[in-house]
Every structure is written in structure tokens, then in C-alpha cells.
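A.B. asks: Once you've had a glance at the structure underneath, I'll fire off some questions.
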Amino acid sequence: MTEAAIPVLTIDGPSGSGKGTISRAVAARLGWHYLDSGALYRAVGVAAGWADLDLDDAGALVRCAFDTDIGFRDSADGEPRVLVNGHDATDELRTETAGAAASAIAAIPEVRSALKERQRVFRQPPGLVADGRDMGTVIFPDAAIKVFLTASAEERAERRYKQLKDKGVSVTLDGLLREILARDARDASRAVAPLRPAEDAVRIDTTGQGIDVVVERVLALVPGRAA
Ligand code: DC
């Protein structure tokens, strides 16, 4: 199968739009591979933290993006574990600190270039579900199916609040909402690969919608699987 013949379904959108959960569920239902591109940016952010790098030192961060060894390992609960330089960093990757570091380094064009090929190699038969911000616009512009998920900032903050509370992390809803709005603004306003829907993306607003409903709506876009 030539690379171009391997189908790609891109799912882009802001944090908290349900992308991760929905992408993983769609990939499992299709039996396709799954790329969590945010995990790559988070992994570089975490590795930069371990190495005590300055988030303003673009040169050092670009080297870090090239040098960091990032691996994914399946786990029993269906949520892949992420190995950063051989250490299981899955839990650390999910913290707000790692998210904020990822968002800051993701604004550096050379970091994005450094991670480009590392994302494209996930395109393997029988297909790929790619989750991120620029999957449909930059990394897989030739993807046959492109989805852009949105949800109100309030609902996204509430979802995150519940997730963190379940894990015993103490946060305030107000604080989370402020962080989400700040991250959206930074991701949407950066000069390179800003968060925006591809022109040919199908937009789905997940506000007030259950995961199963959205998963079915996405699956219905895949040729041969329409309800
Ligand atoms: O999806 P996420 O929350 O794990 O992503 C963390 C950060 O990484 C996000 O704030 C922006 C950046 N990112 C990106 O710029 N491009 C991607 N394809 C994925 C994530």
C-alpha cells in the first residue's frame, strides 16, 4: 500500500473538546492506528523540564525536540502509556504544567518542523486516526476525512474539572476556565500552524453531547460505515 493510499481521519480542536476520548474510541472501532500528537509536544515539554531548559531558549528546545526519545506502549485500560527517554511519563504528561509547557514550545516553528516526520510515520495500514491541532491543515493535508471538534469553553473547563477531581487533584473551575481561554488564545494566535479548522473539515460541536453520539457521528463520515 503506498502511503497516499493509507486512509487518515484527522480530528482537530481545542483542549477539552473531547478529541482524545473520541479519537481513541473511533480508532478502536475502525481498528486503525492512533496518533496523539499533543503527547509529542507534552513529552518535549516534560523532557525540557527535566533538563531544566529555559522555555525562552528556542535553540535548546529545538535540540530537545530532536533528541527526546518518545515511545507509546499499549496498556490494559486502553489508554496508551507514553515513555519519555525510557521513563513512563504518562501521568506527568497530563498535568496542567506539562500542557502549558507544550503550548509554549508548540509556538516555536522549528520545534513543529522537528516533530513533523515523527507524526507522519504513524500513517500505517490499515489507517490512522490523528488527533491534534493541525492534523488536517499541516501534517496530513491530504486526509480523506477531517473533523474539527468544538465545545463551549465553560463546558470544556467543567469536563477538565471533573477529570482532575476524580484523580484527587485540587483545582478551581474559575482557574481552569482562565487557563483554557489563555491556551486557546495562544494556540489560535501563533504564527505557525494556528488552531483553525481545515477548509474541508466537518465541524462538530460537542457541547451537551455524549461521547457515544459524537463517536457515531464521526464514524458515519467514514466511507462504507455510514449508518
Ligand atoms: O492536545 P493537548 O492538550 O495534549 O496538546 C498540548 C499542547 O500541544 C496544546 O496546547 C498545543 C500543542 N499542540 C499543537 O500545537 N499541535 C498539535 N498537533 C497538538 C498539540
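A.B. asks: About its Cα centre, how strong a charge dipole does segment 75-138 have in debye, to the nearest 20, once Lys and Arg get +1 and Asp and Glu get -1 at the Cβ?
C.D. replies: Value, rounded to 20: 380 debye.
A.B. asks: A further question follows. Taking R0 as 45 Å, what's the FRET efficiency between Arg29 and Glu110 from their Cβ-Cβ distance, rounded to 0.05?
C.D. replies: About 0.80, to the nearest 0.05.
A.B. asks: In Å, what is the Rg of the alpha-carbon atoms in segment 83-174, and how long is Dmax?
C.D. replies: 16.0, 43
A.B. asks: Ranking Phe122, Phe148, Phe66 by Cβ neighbours within 10 Å, fewest first, what do you get?
C.D. replies: Listing Phe122, Phe148, Phe66 from fewest to most nearby Cβ atoms yields Phe66, Phe122, Phe148.
A.B. asks: Let me have the 222 nm mean residue ellipticity of the chain computed from DSSP H runs of 4+ only, each contributing -39500 (n - 2.57), with the sum over all residues rounded to the nearest 500.
C.D. replies: That comes out to -13500 deg cm²/dmol.
A.B. asks: Could you name the lysines in cross-link range of Lys167, using Cα to Cα under 30 Å and dropping any fewer than eight places away on the same chain?
C.D. replies: Straight-distance partners of Lys167: Lys19.
A.B. asks: Using the basic label-point model (7 angstrom from Cα toward the beta carbon), what is the Arg81 to Asp200 distance in nanometres?
C.D. replies: Roughly 4.0 nm, to one decimal.
A.B. asks: Now, a different point. Please list the helices of the chain that count as membrane-span-like by this rule: a mean Kyte-Doolittle hydropathy of at least -0.5 together with Cα atoms stretching 15 Å or more along the helix axis, each helix being a complete DSSP H run.
C.D. replies: Sorted by number, the helices that extend far enough and score high enough are 19-30, 37-50, 173-189.
A.B. asks: Could you name the aspartates and glutamates in cross-link range of Lys116, using Cα to Cα under 15 Å and dropping any fewer than eight places away on the same chain?
C.D. replies: Answer for Lys116, where 15 Å is the Cα cut-off: Asp36, Asp67, Asp69, Asp131, Asp134, Asp142, listed by chain and number.
A.B. asks: Got a sec? Charge dipole of segment 43-148, +1 on Cβ for Lys and Arg, -1 for Asp and Glu; which of Ala47, Val121, Pro80 is way out at the positive end?
C.D. replies: Toward the positive end, the furthest listed residue is Val121.
A.B. asks: So, one more: I'd like the distance between the alpha-carbon centres of segment 51-104 and segment 1-45, rounded to an integer number of Å.
C.D. replies: 17 Å
All of the numbers you see were taken from the coordinates with simple rules; none came from a lab. Because the structure is predicted, anything quoted here is derived from the model rather than measured. Because the Cβ atoms are built from the backbone with ideal geometry, glycine has one as well, and the counts that use them run over all protein chains shown.
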